[in-house]
Amino acid sequence: MESTAATSKTKPARKDYVDSIANLVTSFATARIEDLLAQIPGLLVTNFEAVRAELWLWDASSDSAYLVHSAGLDGARRHDYAASGAGVIGKVGQAKKMIENIVLSTFGGEDQEFAKRTGLSHISCYPMIAGDKPMAVLAIYNSEPTSKELLGWWRMYAEMCGVKIPDLMAAQEQQKQITQLSLLFEATRLLNSTLDLAELLELILKIASQEVQAERGSVFLVDAANKQLWSIVASGLDHQEIRVPFGKGVAGRVAEMGEIVNTSDAYSVEFFDPSFDQKFGYKTKSLLCLPVRHHTNEIVGVIQLLNKRTGPAFTREDEDFLVKLSGHIAMALENARLHRDALIKQRLEKELALARGIQRSLLPDQPPVVPGFEIAVLNEPCYEVGGDYYDFLSLGPQSLLLVIADVEGKGVGSALVMSNLQATLRALVMHLHSLEVLAVSLNEMMFNDTKSEKYLSCFLGLVDTRRSGLHYINCGHVPPILVHGETGDYQLLEEGGTVVGLFPSAEYKRGSVNLKPGDVLITCTDGILEASNAAEDEFGKERLAACVIENRHKSAQGIVDSVLSQVNQFAAGGNFIDDKVLMIMKVTSDGLLQHASKRPLDRPPELERRADPRGD
């Protein structure tokens, strides 16, 4: 009983609905034509318990409905038009059948988004038909299902409006509005006809200037990074680029503040900048300037129109038209920007793919065949190109120089340094007689080339197959691991000096180790050791050594495969991404060096005569 009593206090009585219908009839007979259309949704909210009501007028030329008036809860839509069959409004207009108490979100798309944003969960729609053609759609929203009694009053209200609206549609003022909306629809179609940014800007200026009868105009785009407006499209300027700082002049003020400026006397506006008139020999009188907003409300551009041809000032109708057009302009500009970005990305990807092919061609096709040794290599760049490098340089029938390097950073810059490293290194080994001099010279040349803005770590290992020894210099690189096959013990090869290219006049010291059958040398870049799991624990040299010790009886390629498997399994779920190079050299027996690369590195006879790694 309490619930019924409470309801009766808030719910209008039947007599109130009757009185409202009577008032509607009176309004139809006495109100001005231009006021009636606005009253139709308004009375539904004030007298018939609608939370929100909208009146959409149908345009036969475009076969679409346009939102002309709304009342009640504020709920701005992304689009103020609906093509036949599109969304709830377009479907009701197409079917010419009413719907009542339908859950709005079931129509999906913009209707679902509108329901979620406003909380208006239910909709009732009433098409208004003249002959067999739709003239309008009356949409009524509520946040809960509507009672059958109230739905009956809504139907009666819609039927009465349906009788009057055809007469209103014939009125000149309303026909003008429909014509303008039709022009807006056509403008939207034209705006979507091109993805070329310059052509689109020309089209925007042409549409805007023609529809509001402006003598001149400009379309500016926002350069948010530099806080500027820029444009190459302005009437009478022959594609001269204009740049305007935020806050300067009318356009700069509109970009900064987001306000609309509409004046019959531009020189009376305190922030008007007359320097443009002086520069281009023009006299600005009336001016209309407004922001172009993305549906996220971000300002992406500014339209500025000058001197209306048919009157002393731009009208409110001109302003309304451009405000509606600006939303479509923003979408077209976004599509053009995305298209331009896609083309740039496609071109870059093509160039990177070419660069990757070139960079791979700089690396050995395959490890050399060395009697008494097995060598296997893994190379996995994380980007199209990278800064990890490895090489095998034959210094004679019994000597091989192993090189592995890691340029600081990733991507194109590191790849360029890597290419420079390869060329420099191959030039130096033609003339230098010792590892120490090679490292010092490499450091000086890389320092001079990169000005210490890029540096690299590297390991130079000279294998002497005649004496079964390894002479090396570690230039700040991840210490290689030498696993002794007989005992399973291992040692780190750390002798050397600092990284290459960072400091001038660096000194380097050579280290030496003996190699026995079964020994395994592991060299890699930090992409192997720093591979991390979800807990951000790194794989590390201990796990790498343990993996190789466990698999040291396998071939060099088998060891590479085992290490890669363990690294990938360990790093599953981790986020660390880096280039990976892993080189395994296993000693099997004594022997002479034979290079099996597709690109043999033939050495001049004079170098073969001084291939002794001790440089004596």
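The values are calculated or read from the model by the stated rules, or taken from the named source; none is laboratory data. Please read these numbers as outputs of a predicted model, since none were measured by experiment. Neighbour counts are summed over all protein chains in view; Cβ atoms, including those assigned to glycine, are modelled from backbone coordinates with ideal geometry. When the accessible area is computed, the model is the full protein with side chains, heavy atoms only, and any ligands, DNA or RNA have been set aside. Shrake-Rupley method; radii C 1.70, N 1.55, O 1.52, S 1.80 Å.
Can you list the GluC sites (Glu not before Pro) in the stretch 418-504 that are in a DSSP coil and have 16 or fewer other beta carbons within 10 angstrom? Filter output for the stretch 418-504: 453, 486, 494, 495. Once all protein chains are placed together, residue 339 keeps about 70 Å² accessible to a 1.4 angstrom probe.
Ranking 534, 500, 490 by how far each Cα lies toward the positive end of the dipole of the stretch 485-535 (charges on Cβ) leaves 500 at the top. Taking all protein chains as they are arranged and a probe of 1.4 Å, the heavy atoms of residue 16 leave approximately 70 Å² accessible to solvent. For the stretch 463-599, a/c is not less than 1.5, where a ≥ b ≥ c are the root eigenvalues of the C-alpha gyration tensor, and a/b does not top b/c. That puts it in the oblate class. For residue 280, the solvent-accessible surface with a 1.4 Å probe is about 60 Å², rounded to the nearest 10.
Quick check: from the Cα gyration tensor, does the stretch 409-491 come out rounded (a/c under 1.5), prolate or oblate? It comes out oblate by the Cα gyration axes. Tell me which lysines have Cα within less than 18 Å of residue 91's Cα, excluding those fewer than 8 residues away on the same chain? Result set, ordered by chain and number: 133.
Accessible surface ranking for 283, 580, 1.4 angstrom probe, highest first: 283, 580.
Figure note: 554, 227, 308 ranked by solvent-accessible area, largest first, 1.4 Å probe, ligands and nucleic acids not counted: 227, 554, 308.
For residue 516, the aspartates and glutamates whose Cα falls under 14 Å of its own Cα, not counting residues fewer than eight places away in the same chain, are 374, 464, 486, 489, 590. Per atom type, the stretch 68-163 shows carbon and sulfur on 54% of its accessible surface, probed at 1.4 Å. Each residue of the stretch 148-160 is assigned a 3J(HN,Hα), and the resulting list reads 4, 4, 5, 4, x, 5, 4, 4, 4, 4, 5, 5, 5 Hz, derived from the Karplus form 6.51 cos²θ - 1.76 cosθ + 1.60 (θ = phi - 60°), x at Gly and Pro.
Loop-located trypsin sites (Lys or Arg not before Pro) across the stretch 433-533 with a Cβ neighbour count of 11 or fewer within 10 Å are 451, with loop assigned by DSSP.
Mind checking the stretch 274-379 for GluC sites (Glu not before Pro) that DSSP puts in a loop (not H, G, I, E or B) and that have at most 16 other Cβ atoms within 10 Å?
Passing sites in the stretch 274-379 are 298.
Across 128, 331, the residue with the most accessible area heads the list, and the full order at a 1.4 Å probe is 331, 128.
Between residue 298 and residue 507, the contour length at 0.36 nm per residue exceeds the Cα-Cα span by 69.5 nm. Annotation: lysines with alpha-carbon distance below 21 angstrom to residue 454 (same-chain offsets under eight excluded): 410, 580. Taking the accessible area of the stretch 465-590, probe 1.4 Å, and keeping the other protein chains in place, the carbon and sulfur fraction comes to 45%.
Couplings 3J(HN,Hα) of the stretch 307-313, computed from phi: 6, 5, 6, 9, x, x, 8 Hz, in residue order, whole Hz [Karplus 6.51 cos²θ - 1.76 cosθ + 1.60, θ = phi - 60°; x for Gly and Pro]. The overall shape of the stretch 494-533 is oblate: from the C-alpha gyration tensor, with semi-axes ordered a ≥ b ≥ c, the ratio a/c is 1.5 or greater and a/b is no larger than b/c.
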